[in-house]
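The values are calculated or read from the model by the stated rules, or taken from the named source; none is laboratory data. These numbers were taken from a predicted model, which means no experiment stands behind them. Don't worry about glycine lacking a Cβ; one is built from the backbone with ideal geometry, like all the others, and counts go over all protein chains shown.
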Amino acid sequence: MRETGKMANFDPKKFLSDNAIIIMIAVLAVIVGFVTDNFFSGSNLKNLIVNVSPRFIIACGVSGCLITKGTDLSAGRQVGLSACLAAMMLQSIDYAARALPWMPDMPWFVALLFVVAIMAIFGAVNGCVIAFLKVPPFIATLGMQTIVYGLCSVITGNDPLGGFKSSYSKVALGSLGFIPYLAIFALVVGVYMWFLYNKTRHGKYMYAIGGNENAAQVAGVNVPATLIRIYILASVLYGVAGFLVGAKAGGASTATGFGYELEAIAACTIGGVSTNGGVGKVGGILIGVLVFEILKICLQFLRVDPAYTFIAQGLVIIVAVALDLRKYLAKK
Amino acid sequence: MAEYRLEMRDVVKTFPGVKALDHAQLKLRPGTVHALMGENGAGKSTLMKCMFGIYHMEEGEVIYEGQKVQIKGPLDALQRGIAMVHQELQPIPERSIGENIYVGRYPTKRFGPIVTVDHEKMYEDAAAVLKEVHLNYAPKAKLGSLSVSQMQLVEIAKAVSADCKVLILDEPTSSLTAAEVEALFTIVNELRAKGVAIVYISHKMDEILRISDEVTIMRDGQYIGTWAAKSLTTDMIITKMVGRELSNLYPHRENVPGEVVFEVEDFTSINPKSFRHVNFQVRKGEILGVAGLVGAQRTELMEGLFGLRCHNAGKINYKGKELKVNQPKDAINSHIAMLTEDRRATGILGVLSIADNVSIASLNQYLIGGIMLDDRKIEKLVQDNVAKLSIKTPSSKTLIQSLSGGNQQKVLISRWLANDPDVFILDEPTRGIDVGAKYEIYCIIAEMAKQGKSIIMISSEMSELLGMSDRIMVMCDGRVTGFIDGKDANQENIMALATQFE
């Protein structure tokens, strides 16, 4: 009954304008597929999946901040720090230029746990500064961005890190049949986030705070605790993503992760996470990341100068947010 | 010269779910004070906002100085000589008094192609205007350094500075002291003598009968009539405003007050100007009305009891034990609920569904295995409430912001009922709700009391307090000034207590 009602209300014009960016990118992909070779190939698909996976994990982290009307500008630098930490723990034992010669040989998942635990501290600090000191998230995480970058420079001495043990590199490069391990990480994170956002009290409280923080407080929501949990979870996910990004690149430096926060925020927005708070779905975030990465690959295949690629990405971000706000304005 | 300075004819304006103005009209003669009266929600402010160009009316016309005009916005209205002092002030406290008076129309001077603000002229003019309305403030002082009532007078100075021909005063005296009211009346009299047509909106009968020449009464967005103020009495105005026998407006109540469940002793705010030394009791199944003027600190007191504001003295005895409330969660866990005054600001979660809005305060009850929420249980809760409170909505997935005010209020009541409250604080439960929905909410309140819940109801509508309360507590300026039994209460004895300033 309800389904037929929905169909009857289907408005093609509204559908087009609500999904304009996604449709444009899809059309672009089809065109690129026809005018270039190998666009629709297994290796290109794998390339897409491998690029999307860590970015999706980062975007999931930022999404909680955005849904509660905040943001996290320290995401990219936290990814970089995580990559460097993982690198320092997982350099091959016989590599000559080990950053920490005393570091014992350890399995990759132990290193991952260490990285995640360390990053959780940064998330807790972000959360407390925002929840208790009431510093606007934009400013709080801007400060944290600079702090994390500084810390990363200090511990690495600004030297790039390489010489990873093979088990670490394999995390990024290996695959289970056709499915890259990276995709499995992303899938686990995606399922976890979907469950958290839709089926738990934490998720409901998060949307409530984003919808109306004062009303949420009146309804008995522990606003500070929820915000702190959101920022800790975000940092944990940056930790996982940074671990994977390092493995994938086969090296890490202070430059790793630069600008990832902006890509993540842009992807969330394209995927329907409202900048006005209270709205955003995990499936939408995945679509947002996909759109962004497909755009990049399309431009690569068209042999567009990377400098122009940035211009195109910037335009997509602005248009996506403008369209999102237009939806909101139209409802008023 | 036309007989009327300004005429509004057959004005229609609808908001989602409510017909705010239904062929309303108003005729202003120059050099008169015209009182505009009606209950809350009768459409007075909406009509004024249409005149001032804040709202665009769907039907009807405005005749200004004999010509049909279209007022495009507040700036257009000001340039035509129509000024308005809003009920809710919109001050810029960090800027000077002078800048606040001339914001948006600063005097300018030119240096060749460069236009700058002429601060010298602005402050000179501001000083002159302040003098004209007998205000002795330095125009360069920050507006934020004044009290709320002083800001209100500055707002009036702003209207005067526009050299207005029509001046709208929307509840100008709600935050003024008696002396300030006298000062305001002096200004109003001077403006009237200059030929300004003044619209005066107020609920205070004595003021209306004293200052106004003509009275127009509205009810439910409709025009009821215009009379000479001399020909009216307080009773006549109330009858015309309410428009029906009071007994039909409220449901028959069958609640029987029992033992005391909620007792407040010496409750005092950390803010010395707010509530202090408050003592009261509420019985099981009792409806306690709370009366007072704007600024009586009724909302602040209730927010203090609910943990939204801090207190530094006093205690709450609840069901025979002392209850400590430091945050709303503490009150909620003890089955105390509070429907807040400002539905938009602190009630609804606008972009969330009705299901989310109903369940948010009681999610702990729908857990499977302590972690996962049971969507079916939540859906059942929502459907039960939709049926029980007759909430009109297409589905439980509908966003609450798309419902009418009355239905939003019912959703919020459902939110708290899901938590099975024993004490339910209702702050202006029917504000901004149309008449039909009001009656339904009264029925819900009566039913809750019958089930033995204790109700504390703040209301600024006198008839609502008289029609619904077993007992009425009256506050003035942060203190409880007395209690009146529901049967003995009337407008006069309530007002006497509500104006008992120290």
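Summary of values
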item	result
Counted residues, the range A:182-207 - those being of a type in the set (F, W, Y) and over 15 Å from A:L237 (Cβ atoms)	2
Some residue of the range B:11-18 being under 15 Å from B:K165 (Cβ atoms), touching a Cys at 6+ places or on another chain (Cβ under 9 Å) and not in a helix (DSSP H, G or I)	no
In the range B:189-224, the residues that are over 19 Å from the mean Cα position of the chain (by Cα), among the polar types (S, T, N, Q) and not in a helix (DSSP H, G or I)	B:S212, B:T216, B:Q222
Close pairs (8 angstrom Cβ cut-off, 6 or more residues apart or separate chains): under 19 Å from B:I198 (Cβ atoms) in the range B:68-94, acidic (D, E) and not in a loop (DSSP other than H, G, I, E, B) anywhere	B:M84/B:D170; B:V85/B:E155; B:V85/B:D170; B:H86/B:E155; B:H86/B:D170; B:Q87/B:D170; B:L89/B:E155
Contacts under 7 angstrom Cβ, first residue in the range A:11-34 being of a type in the set (D, E), partner in a helix (DSSP H, G or I), 6 or more apart	A:D18/A:K327
Of all residues in the range B:298-322 being farther than 27 Å from B:I484 by Cβ and part of a strand (DSSP E or B), the one that is modelled with the lowest pLDDT	B:N312
Top-ranked residue in the range B:313-355 [being away from chain A (no Cβ under 13 Å) and basic (K, R); ranked as surrounded by the fewest Cβ atoms within 10 Å (Cβ to Cβ)]	B:K321
Test result for B:M57, outside any helix (DSSP H, G or I), under 25 Å from the mean Cα position of the chain (by Cα) and closer than 13 Å to B:A159 by Cα	no
Residue among B:S396, B:S359 that is out of contact with any Gly (no Cβ under 6 Å at 6 or more places or on another chain), within 8 Å of another protein chain (Cβ to nearest Cβ) and touching a residue at least 24 places away in the same chain (Cβ under 8 Å)	B:S359
Any hit, the range B:362-375, residues being more than 20 Å from A:V223 (Cα to Cα), of a type outside the set (S, T, Y), more than 13 Å from chain A (Cβ to nearest Cβ) and without any contact (Cβ under 8 Å) to a residue 40 or more places away in the chain	no
Residue that is modelled with the lowest pLDDT [pool: residues in the range B:277-297 that are touching a Phe, Trp or Tyr at 6+ places or on another chain (Cβ under 8 Å) and either on the phi > 0 side of the Ramachandran plot or surrounded by 21 or more Cβ atoms within 10 Å (Cβ to Cβ) (or both)]	B:Q297
Out of A:K165, A:K204, sole residue that is without any contact (Cβ under 8 Å) to a residue 12 or more places away in the chain and over 18 Å from the mean Cα position of the chain (by Cα)	A:K204
Matching residues in the range B:450-459 - criterion: being in a loop (DSSP other than H, G, I, E, B) and either among the acidic types (D, E) or surrounded by 20 or more Cβ atoms within 10 Å (Cβ to Cβ) (or both)	B:K453, B:S459
Matching entry among B:L426, B:L465 (being surrounded by 22 or more Cβ atoms within 10 Å (Cβ to Cβ), modelled with pLDDT under 95 and hydrophobic (A, V, I, L, M, F, W, C))	B:L465
B:Q401 being within 13 Å of another protein chain (Cβ to nearest Cβ), assigned to a helix (DSSP H, G or I) and over 20 Å from A:M206 (Cα atoms)	no
